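Asker: Sending over a structure as structure tokens; questions will come in a sec.
The values are calculated or read from the model by the stated rules, or taken from the named source; none is laboratory data. Since the structure is predicted, the reported quantities are computational estimates derived from the model, not experimental observations. Cβ coordinates were reconstructed from backbone atoms using ideal geometry, including for glycine residues, and neighbour counts include every protein chain displayed.
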Amino acid sequence: MKIVLPGGTGQVGGLLRRALAAQGHDVVVLSRRPEQLEDGVRHVLWDGRTLGAWAEEFDGADAVVNLAGRTVSARYNDRNLRQMMDSRVDSTRVVGEAIERATRPPRVWLQMSTATIYADARSRPDDLPHDEANGIIGGEEPDVPLYWEYSVRIARRWEETQAAADVPGTRRVALRAAMVMTPDRGGVFDYLSWMARIGVGGPVAGGRQYVSWIHGEDFVRAVELLLDLEDVDGPVNLAAPGPVTQRELMRSLRRAWGRRPGLPATAWMAEIGAFVLRTDTELLLKSRRVVPGRLLDAGFTFVHPTWDEAARDLVAERRRR
């Protein structure tokens, strides 16, 4: 297939483009800066906001997987939150415009979204995880910081922009992805491993908040399945079936790295650490308990369904590299 990957130079984009190119697909990456990519991958410039010559790549393409959007690993100040919103909404809107104008539009458009769209799991009165059918969209939980609500607003606008595109001949799927765990440098697994290895990877604020995750290998396999499933559209949770508490997540990771000690941290200590790392505590403190209802219904089998095994696999691959 010919597959267009807007935003294909980020960590998740790199994971996906390498896998697709290795399978012999014609992969075209759209990004704002020129880069030399792998053999079998073409690079085309775009600005993520306005139509240009890049839109010609959509005519005759089989699929689009839009991963574009400013990283959320940043301080949640007004400027960064606005960039997170604009980069996601603008790129999704202009991808829809390019598909609409194509003479031979792609048959499927997979659009990155986020599991952050769901409410903090501790606010659910029924103590159930969030799936696509029964999950509660966030934004109205009591006693959560205002910027957590803004993160949900970003996710909702992201999905609404895709849904509003006038592309009746193209199947649309919103990928509500949990934290994608890969052994690559600079990703969430890299940060968590650093904490585990230096002895500060203990429970944060009690550690009872849930963490939803997906191994990078299963992320790629799920995307490949969704490219082919003609009867699946709308939101799909990309998360392993076994979300764990933050306490359990870090305990397994410390064990995988060789039974390292893990000092606990209070919420205010986490604030200091997040400030030093130039990120935000929502990534540590919000309880995300998300499960892959539609993937399991479609017969998808996870290679890495449990965190204990996934952590061992990721650490082994990191050490091998």
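Asker: Only residues that are more than 17 Å from the chain's Cα centre (by Cα), among the β-branched types (Val, Ile, Thr) and crowded, with 16+ Cβ neighbours inside 10 Å: list them for the stretch 1-51, please.
Answerer: Within the stretch 1-51, Ile3, Val4, Val27, Val28, Val29, Val41, Val44 meet the criteria.
Asker: Go through the stretch 151-170 and give me each residue that's surrounded by 18 or more Cβ atoms within 10 Å (Cβ to Cβ) and under 20 Å from the mean Cα position of the chain (by Cα).
Answerer: If the condition is that a residue be surrounded by 18 or more Cβ atoms within 10 Å (Cβ to Cβ) and under 20 Å from the mean Cα position of the chain (by Cα), then Ser151, Val152, Ile154, Ala155, Trp158, Glu159, Thr161, Gln162 are the ones that fit.
Asker: What helices (runs of 4 or more DSSP H), lying completely within the stretch 212-321, carry at least 1 residues that are at pLDDT 95 or above? Quick ask: steps written out before the conclusion?
Answerer: Working: elements: 216-228, 246-256, 267-276, 282-285, 293-297, 307-320.
Output list reads 216-228, 246-256, 293-297, 307-320.
Asker: Still on this model: Would you pick out the residues in the stretch 51-70 that are part of a loop (DSSP other than H, G, I, E, B) and without any contact (Cβ under 8 Å) to a residue 24 or more places away in the chain?
Answerer: At the first step, the residues of the stretch 51-70 found to be part of a loop (DSSP other than H, G, I, E, B) are 51-52, 59-62, 67-70.
Result: Gly52, Arg70.
Asker: If I filter the stretch 180-197 down to residues being without any contact (Cβ under 8 Å) to a residue 12 or more places away in the chain and assigned to a helix (DSSP H, G or I), which single residue comes out as surrounded by the fewest Cβ atoms within 10 Å (Cβ to Cβ)?
Answerer: Pass one, the stretch 180-197, residues without any contact (Cβ under 8 Å) to a residue 12 or more places away in the chain: 185, 190, 194.
With assigned to a helix (DSSP H, G or I) added as a condition, the list becomes 190, 194.
Values: Asp190: 16, Trp194: 12.
Top of the filtered list is Trp194.
Asker: Looking at the stretch 138-147, is at least one residue crowded, with 19+ Cβ neighbours inside 10 Å, in contact (Cβ under 8 Å) with a residue 60 or more places away in the chain and among the aromatic types (Phe, Trp, Tyr)?
Answerer: No, that holds for no residue.
Asker: If you don't mind, another one. So which residues in the stretch 121-168 are part of a loop (DSSP other than H, G, I, E, B), of a type outside the set (D, E, K, R) and under 20 Å from Pro235 (Cβ atoms), if there are any at all? Break it down into steps so the answer makes sense when it comes.
Answerer: Of the residues in the stretch 121-168, the ones part of a loop (DSSP other than H, G, I, E, B) are 124-129, 131-136, 138-145, 165-168.
In the following step, the residues that additionally are of a type outside the set (D, E, K, R) were identified as 125, 128-129, 133-136, 138-139, 142, 144-145, 165, 167-168.
If the condition is that a residue be part of a loop (DSSP other than H, G, I, E, B), of a type outside the set (D, E, K, R) and under 20 Å from Pro235 (Cβ atoms), then Leu128, Pro129, Ala133, Asn134, Gly135, Ile136, Gly138, Gly139, Ala165, Val167, Pro168 are the ones that fit.
Asker: Oh, and also: Go through (1) touching an Asp or Glu at 6+ places or on another chain (Cβ under 7 Å); (2) touching a residue at least 40 places away in the same chain (Cβ under 8 Å); (3) not in a loop (DSSP other than H, G, I, E, B) one by one and return the number of the condition Gly48 breaks.
Answerer: With (1) touching an Asp or Glu at 6+ places or on another chain (Cβ under 7 Å); (2) touching a residue at least 40 places away in the same chain (Cβ under 8 Å); (3) not in a loop (DSSP other than H, G, I, E, B) applied to Gly48, the lone miss is (3).
Asker: Yes or no: the stretch 74-93 includes at least one residue that is more than 30 Å from Glu149 (Cβ to Cβ), of a type in the set (Val, Ile, Thr) and crowded, with 20+ Cβ neighbours inside 10 Å.
Answerer: Checked the stretch 74-93: no residue is more than 30 Å from Glu149 (Cβ to Cβ), of a type in the set (Val, Ile, Thr) and crowded, with 20+ Cβ neighbours inside 10 Å.
Asker: In the stretch 63-76, what residues are at pLDDT below 85 and in contact with a Phe, Trp or Tyr (Cβ under 9 Å, 6 or more places away or on another chain)? Quick ask: steps written out before the conclusion?
Answerer: Quick first cut of the stretch 63-76, residues at pLDDT below 85 only: 70-76.
Listed by number, the residues that qualify are Ser73, Arg75, Tyr76.
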